[in-house]
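Let me begin by presenting the structure, written as structure tokens, before commenting on it.
The values are calculated or read from the model by the stated rules, or taken from the named source; none is laboratory data. Everything quoted here is computed from the prediction, not taken from an experiment. Glycine also receives a Cβ, built like all others from the backbone with ideal geometry; neighbour counts cover every protein chain displayed. Just the protein is used for accessible areas: all its heavy atoms, side chains included, with ligands, DNA and RNA removed. Shrake-Rupley method; radii C 1.70, N 1.55, O 1.52, S 1.80 Å.
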Amino acid sequence: MYKIFFTMLGCLAGTAAVAQTDCSAPVLQVLHNGQAIPATGSALPASAQMRLVPAPGCPAAGSYRATGAEVTLVRAGRPVLPIMLVSQSRLDLRALQRVARPGDHLFVFIPYENLLVVAADGSQRPYAKPTPKPDRPRLSPNDVKGVSFKWLIVPPELGAK
């Protein structure tokens with residue numbers, strides 16, 4: 001009787017250990033015309049698309065969905081305009097194009113509270129934010145609050161390369 005109980009308990013514990021805590025947070029990519037925008041530099045397009053993908057080396061146990069993101073144009077470490085709140089994966093950046101200068105950065109941030117894990121059957125559950133691990137006892141400032149993407153704005157002629 002005890003063997004059956006502990007075997008079942010071990011199976012349940014094994015199922016719980018497969019949770020996302022062994023994997024890092026998903027990676028936020030920003031795309032324009034289906035191509036990933038490099039964080040190292042790109043001209044600011046009129047529109048872009050956000051995509052969340054599993055971190056390298058992590059199994060794809062489903063997909064991710066964001067219910068809201070923050071987009072900020074930053075110059076010399078300070079926001080140029082108020083933060084844009086977006087609730088869809090498409091980013092309309094036309095208003096930012098008017099004021100952006102080469103050397104500015106565009107910062108896209110999705111707080112963990114706005115991040116959902118979508119299972120293969122379509123069910124959604126909140127993303128459990130990463131916790132410190134013995135081999136990495138401290139989380140970076142971005143890992144603590146959400147996932148982000150930051151890219152350098154370059155002149156259009158340099159961004160086309």
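General remarks:
- Residues of the range 95-123 that are touching a residue at least 24 places away in the same chain (Cβ under 8 Å), more than 17 Å from ILE83 (Cβ to Cβ) and acidic (Asp, Glu): none at all.
- Residue that is most open to solvent (accessible area, probe 1.4 Å), among those in the range 22-51 that are part of a strand (DSSP E or B) and within 15 Å of LYS129 (Cα to Cα): VAL27
- Residue among ALA120, ALA128, ALA100 that is part of a loop (DSSP other than H, G, I, E, B), among the hydrophobic types (A, V, I, L, M, F, W, C), at negative phi and modelled with pLDDT of 90 or more: ALA100
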